Amino acid sequence: MQRYPELRMLIGGDWRTGDVGQPVMNPADESVLATVPRARAKDLSDALSAAEQGFRTWRATAPARRAEIILKAAALMRERVEAIAIGMTLEQGKPIAQSRLEVLRACEIIEWDANEGRRLYGRVIPAEPGMTHMVLRQPIGVVAAFSPWNFPVSSPARKVGGALSAGCSIILKASEETPAGAVMLAQAFTDAGLPPGVLNLVFGVPSEISDYLIPQPSVRLVTFTGSVAVGKRLAELAGRHMKPVIMELGGHAPVIVCADADPAAAAAASIVGKTRNAGQVCVSPTRFFVHDQIHDRFAQAFGQAAAAIRVGDGMDPATQMGPLANERRLAAMEHLVADAVSRGARVLSGGSRIGNRGYYFPPTVLADVPDDAIAMQQEPFGPLALVARVGSLDEAIGRANSLPFGLAAYAFTRSAETAAILADRVECGNLSINHFVASVAETPFGGVKDSGYGREGGTEGLACYTVAKNVSHKTA
Ligand code: NAD
């Protein structure tokens, strides 16, 4: 089996190489896997024309036929799960089992959207005799989508699945650092018989591509997953051109461990949640606010569980946590830990780089982390867990809500009353109680505050790709 696929762009149904772009690195050993294509101006204008034509074709295709093609693409991805997972682990570092799960999750998202696309019903609103008010749900148009390096398949799947299921065409700029997942996803759609131009895939210089695409009159929606800083820049540009956006940005997820929770069970679940994709997840549990009564038992169990995690090359089936995806994350972890320790934090586990080849950094649990530590304010986006002691539920909620982020939040409690208080008061888009799954295909996912707006997934997500058109018809 070929281990890493050939990287090309998909424009108007044709695969193109473009100019030679940046190298794609394997974070496990810092070797070069390939170079990613770099779109030229002509490639971008061709992609735009292709998407405009693709939209006309796709919009006029019956929803049932659209669903059939999209479901076929998902079925092909299921057949190819191993090849896609290998490409992803090589370029991104996550353990191969997590890569397989990501492909399957991407398929679930695409399948759910495809089926729901057949149910984008409008409404008929009662009116006086001789008058009909009808609300039509129409596809919004050409979508410009930007996906990040941490989920090379499931993030593109959210955008492509949503757009295509609603009847839109899409130009996807996937990550130049982890391009293989998007290439293999696009291949599955072309093999499934998607008409040319409905899905276009480009790579290049991110700012060149967003600066070109967002102002184009035919681009009617911008969807971005990535950092708050870039999200604000793209939202500003979109605002200037009156384009709606879906912004799925950073988080800094709090975990409120209440006095009535089982500290050992909460710690066991927390280490699995924290080490998923080496913590490079926008919903990664990070700030643990633990009630004083169980704090020490929780912290001890968490530190021990972290130390037992097997860190290594993601291609080794025994590996539980792979390397960080790039050198930037490694430098960030070293900086955040050093800063927290200099302010009095205690290292319960991990804390420094493993080896000097490959971007390995262990799961790191810090206790007594003061609120002024940089890691308490900025999203670590890595395997860093910060444990802080709290005296009450009120204090925990206050500290959880104290940052400008509000994506995922978690809590552990056995009390239905406490769960209801948390549901009411924690400022976030997704609250999970007694587990760490932030979203599934059928639920809406997204943030509040600086974590963004708009939703991916669920009926709310699909609605973002449509326009509600009201038609009033007077017949008498
Ligand atoms: P970054 O800000 O340099 O880039 C973030 C993403 O935006 C990348 O995928 C990049 O290719 C893209 N990008 C950058 N400039 C762009 C532009 N002008 N137009 C279009 N796309 C552009 O950060 P980074 O070092 O790659 O990642 C680190 C930070 O990003 C993390 O701390 C985290 O907060 C955030 N992040 C969040 C998610 C998420 O799922 N929400 C995913 C990846 C990264």
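Exactly one residue among E102, E52, E108, E91 is in contact (Cβ under 8 Å) with a residue 40 or more places away in the chain, in contact with a Lys or Arg (Cβ under 9 Å, 6 or more places away or on another chain) and assigned to a helix (DSSP H, G or I), and that residue is E102. Out of curiosity, is R343 basic (K, R) and either over 18 Å from R328 (Cβ atoms) or within 16 Å of the ligand (Cβ to nearest atom) (or both)? Yes; evaluated as a whole, the condition is true for this residue.
Which of the residues belonging to the stretch 226-247 are in contact with a Lys or Arg (Cβ under 8 Å, 6 or more places away or on another chain) and either within 6 Å of the ligand (Cβ to nearest atom) or touching a residue at least 60 places away in the same chain (Cβ under 8 Å) (or both)? Give the derivation first.
Start the filter on the stretch 226-247 by keeping residues that are in contact with a Lys or Arg (Cβ under 8 Å, 6 or more places away or on another chain), which leaves 243-244, 246.
Across the stretch 226-247, the qualifying residues are P244, I246.
Considering only residues that are among the polar types (S, T, N, Q) and surrounded by fewer than 24 Cβ atoms within 10 Å (Cβ to Cβ), which ones fall in the stretch 329-371? If the condition is that a residue be among the polar types (S, T, N, Q) and surrounded by fewer than 24 Cβ atoms within 10 Å (Cβ to Cβ), then S342, S349, S352, N356 are the ones that fit. Quick check on the stretch 398-405. Is at least one of its residues open to solvent by less than 60 Å² (accessible area, probe 1.4 Å), at pLDDT 95 or above, closer than 20 Å to Q280 by Cβ and in contact with a Gly (Cβ under 6 Å, 6 or more places away or on another chain)? Yes, there is a match, as at least one residue in the stretch 398-405 is open to solvent by less than 60 Å² (accessible area, probe 1.4 Å), at pLDDT 95 or above, closer than 20 Å to Q280 by Cβ and in contact with a Gly (Cβ under 6 Å, 6 or more places away or on another chain). Candidates are the residues of the stretch 432-473 that are in contact with a Ser or Thr (Cβ under 9 Å, 6 or more places away or on another chain), within 22 Å of V219 (Cα to Cα) and assigned to a strand (DSSP E or B); the one that is farthest from the ligand (Cβ to nearest atom) is E456.
Of everything in the stretch 374-414, what is in a strand (DSSP E or B) and more than 21 Å from G446 (Cβ to Cβ)? Give them in sequence order.
Taking the stretch 374-414 and keeping what is in a strand (DSSP E or B), we get 384-390, 408-412.
Once the filter is applied, which keeps residues that are in a strand (DSSP E or B) and more than 21 Å from G446 (Cβ to Cβ), the stretch 374-414 yields L384, A385, L386, V387, A388, R389, V390, F412.
A single member of A192, A238, A180 is under 18 Å from the mean Cα position of the chain (by Cα) and at pLDDT 95 or above, and it is A180.
Scan the stretch 42-52 and give yes if some residue there is within 30 Å of G279 (Cα to Cα) and modelled with pLDDT of 95 or more, otherwise no.
Here is the first cut: in the stretch 42-52, the residues within 30 Å of G279 (Cα to Cα) are none.
No.
Can you pull out the residues in the stretch 205-216 that are near the ligand (Cβ under 8 Å from one of its atoms) and not charged (D, E, K, R)? The answer is P206, S207, I209, S210.
What residue, of V272, V257, V219, V202, is farther than 29 Å from S349 by Cα, more than 12 Å from the ligand (Cβ to nearest atom) and touching a residue at least 40 places away in the same chain (Cβ under 8 Å)? Explain how you work it out, then say what you get.
Details: V272 fails: farther than 29 Å from S349 by Cα; V257 fails: farther than 29 Å from S349 by Cα; V202 fails: more than 12 Å from the ligand (Cβ to nearest atom).
Answer to the check: V219.
Taking the criterion of being crowded, with 22+ Cβ neighbours inside 10 Å, at pLDDT 95 or above and under 25 Å from D371 (Cα atoms), would at least one residue in the stretch 437-445 satisfy it? The answer is no, given that none of the residues of the stretch 437-445 is crowded, with 22+ Cβ neighbours inside 10 Å, at pLDDT 95 or above and under 25 Å from D371 (Cα atoms). The listed residues are A409, A385, A416, and the only one of them that is at pLDDT 95 or above, over 24 Å from the mean Cα position of the chain (by Cα) and of a type in the set (A, V, I, L, M) turns out to be A416.
The values are calculated or read from the model by the stated rules, or taken from the named source; none is laboratory data. Because the structure is predicted, anything quoted here is derived from the model rather than measured. So basically every Cβ, Gly included, is an ideal-geometry build from the backbone, and we count neighbours across all protein chains shown. Areas reflect the complete protein model, heavy atoms only, side chains present, ligands, DNA and RNA absent. Shrake-Rupley method; radii C 1.70, N 1.55, O 1.52, S 1.80 Å.
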